[in-house]
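The values are calculated or read from the model by the stated rules, or taken from the named source; none is laboratory data. Being a predicted model, the structure only gives us computed values, none of them experimental. Note: ideal-geometry Cβ built from the backbone for every residue, glycine included; neighbour counts use all protein chains shown.
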Amino acid sequence: MELVLVHLFPDLLNLYGDRGNLIALRERARRRGIRVTVRQVRLEEPLPRDGDLFLVGGGEDRQQTLVAQALRGSTGQLRSAAQSGAVVFAVCGGYQLLGHAYRTAEGQELSGVGLLDVVTEHPGHNTRRLVGDVVATCTVPGVGELVGFENHGGRTRLGPGARPLATVRVGFGNNGEDGTEGAWCGTVFGTYLHGPVLPKNPRFADYLLRLALRRRYGDVHLQSLDDRAEEAAHAAAAARARVPR
Ligand code: GLN
């Protein structure tokens with residue numbers, strides 16, 4: 001089996017180790033004997049047509065402003081990739097841009113690609129950022145508990161076309177009010193969790209891998225891996241999150 005991972009704007013969107021998500025997916029696939037190709041897409045470069053899984057990291061308002069237009073230019077291609085079963089996975093600033101729109105701290109309106117039915121507004125520099133460790137229960141079947149770290153000013157609200165990726169047990173999540181974290185719809189996922197999130201949440205990483213393999217190979221069985229280090233990292237992050245702030 002083979003898998004093409006596409007990393008969008010790796011030089012601009014890579015907060016808090018988000019590149020680790022790519023490494024986790026690549027290594028978990030390779031350890032199962034899957035041949036992995038990684039394609040990096042920078043500004044002005046076209047999106048490859050053979051991507052099975054597209055990754056978008058987090059970035060602050062300045063980087064988001066730089067990539068928003070390029071991302072919008074790829075909307076049609078990203079949408080048809082997702083419709084054909086490719087996975088799109090975005091973190092924080094990237095997640096905000098997968099939605100309909102993001103209003104920055106300065107009040108600038110950035111149109112998103114609209115792959116997720118969410119809208120984000122940053123209430124301005126004088127409002128509290130939503131920062132800290134997160135423990136959440138994932139709504140994706142079989143994934144269970146997610147742990148990660150969030151740091152965002154934007155408040156995201158979900159429309160009826162998006163499901164929360166998780167419900168927050170510790171932390172703020174999408175907006176600090178409705179108890180939701182992230183969003184998903186079909187094969188498109190957005191989360192506020194950095195850390196990076198996938199190394200510490202191997203069941204979620206494997207869910208995304210299986211989903212990405214499905215469009216070429218149908219339902220595949222992924223052999224289990226020795227995840228003792230990943231589970232220990234997960235447990236340590238969960239324990240730290242539960243220490244009162
Ligand atoms: N600029 C966005 C915000 O503060 C995203 C930040 C991030 O990607 N960590 O809401």
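So for the stretch 211-225 (the condition being touching an Asp or Glu at 6+ places or on another chain (Cβ under 9 Å), crowded, with 22+ Cβ neighbours inside 10 Å, of a type in the set (Gly, Ala, Ser) and assigned to a loop (DSSP other than H, G, I, E, B)), does at least one residue qualify?
Checked against the condition, which is being touching an Asp or Glu at 6+ places or on another chain (Cβ under 9 Å), crowded, with 22+ Cβ neighbours inside 10 Å, of a type in the set (Gly, Ala, Ser) and assigned to a loop (DSSP other than H, G, I, E, B), the stretch 211-225 yields no hits at all.
In this structure, is Thr180 of a type in the set (Val, Ile, Thr), buried (at least 24 other Cβ atoms within 10 Å of the Cβ) and either in contact (Cβ under 8 Å) with a residue 12 or more places away in the chain or within 16 Å of the ligand (Cβ to nearest atom) (or both)?
no
Quick check on my filter: what residues within the stretch 48-64 are touching a Leu at 6+ places or on another chain (Cβ under 7 Å) and either of a type in the set (A, V, I, L, M) or within 16 Å of the ligand (Cβ to nearest atom) (or both)?
The answer is Leu53, Leu55, Val56, Gly57, Gly58, Gly59, Gln63, Gln64.
Can you name every residue in the stretch 1-31 that is part of a loop (DSSP other than H, G, I, E, B), over 17 Å from Leu198 (Cα atoms) and of a type outside the set (A, V, I, L, M)?
The answer is Phe9, Asp11.
Please work out if Thr156 is among the hydroxyl-bearing types (Ser, Thr, Tyr) and either out of contact with any helix residue (DSSP H, G or I) (no Cβ under 7 Å at 6 or more places or on another chain) or over 22 Å from Leu25 (Cα atoms) (or both).
Judged against the criteria, Thr156 is a match.
Taking the residues in the stretch 125-164 that are basic (Lys, Arg) and not in a loop (DSSP other than H, G, I, E, B) as candidates, determine which candidate is nearest to the ligand (Cβ to nearest atom).
Step by step, filter the stretch 125-164, then rank; the result is Arg155.
If I filter the stretch 165-175 down to residues being part of a strand (DSSP E or B) and hydrophobic (A, V, I, L, M, F, W, C), which single residue comes out as farthest from Gly93 (Cα to Cα)?
Val170
In the stretch 187-196, is there at least one residue being small (Gly, Ala, Ser) and assigned to a strand (DSSP E or B)?
yes
If I go through the stretch 84-107 residue by residue, how many of them are within 12 Å of the ligand (Cβ to nearest atom) and touching a helix residue (DSSP H, G or I) at 6+ places or on another chain (Cβ under 8 Å)?
10
Give the residues of the stretch 131-147 that are within 25 Å of Leu208 (Cβ to Cβ) and either touching a Pro at 6+ places or on another chain (Cβ under 8 Å) or surrounded by fewer than 20 Cβ atoms within 10 Å (Cβ to Cβ) (or both), sorted by residue number.
Gly132, Thr137, Thr139, Val140, Pro141, Gly142, Val143, Gly144, Glu145
I need the helices (runs of 4 or more DSSP H) fully contained in the stretch 39-107, keeping only those with at least 2 residues that are over 15 Å from Phe9 (Cβ atoms).
Output list reads 75-83.
I'd like the residue in the stretch 27-67 that is among the acidic types (Asp, Glu) and in contact (Cβ under 8 Å) with a residue 40 or more places away in the chain and, out of all such residues, is surrounded by the most Cβ atoms within 10 Å (Cβ to Cβ).
Among those that are among the acidic types (Asp, Glu) and in contact (Cβ under 8 Å) with a residue 40 or more places away in the chain, it is Asp52.
Among the candidates Gly112, Gly124, which residue alone is at pLDDT 95 or above and at positive phi?
Gly124 is the lone residue from the list that is at pLDDT 95 or above and at positive phi.
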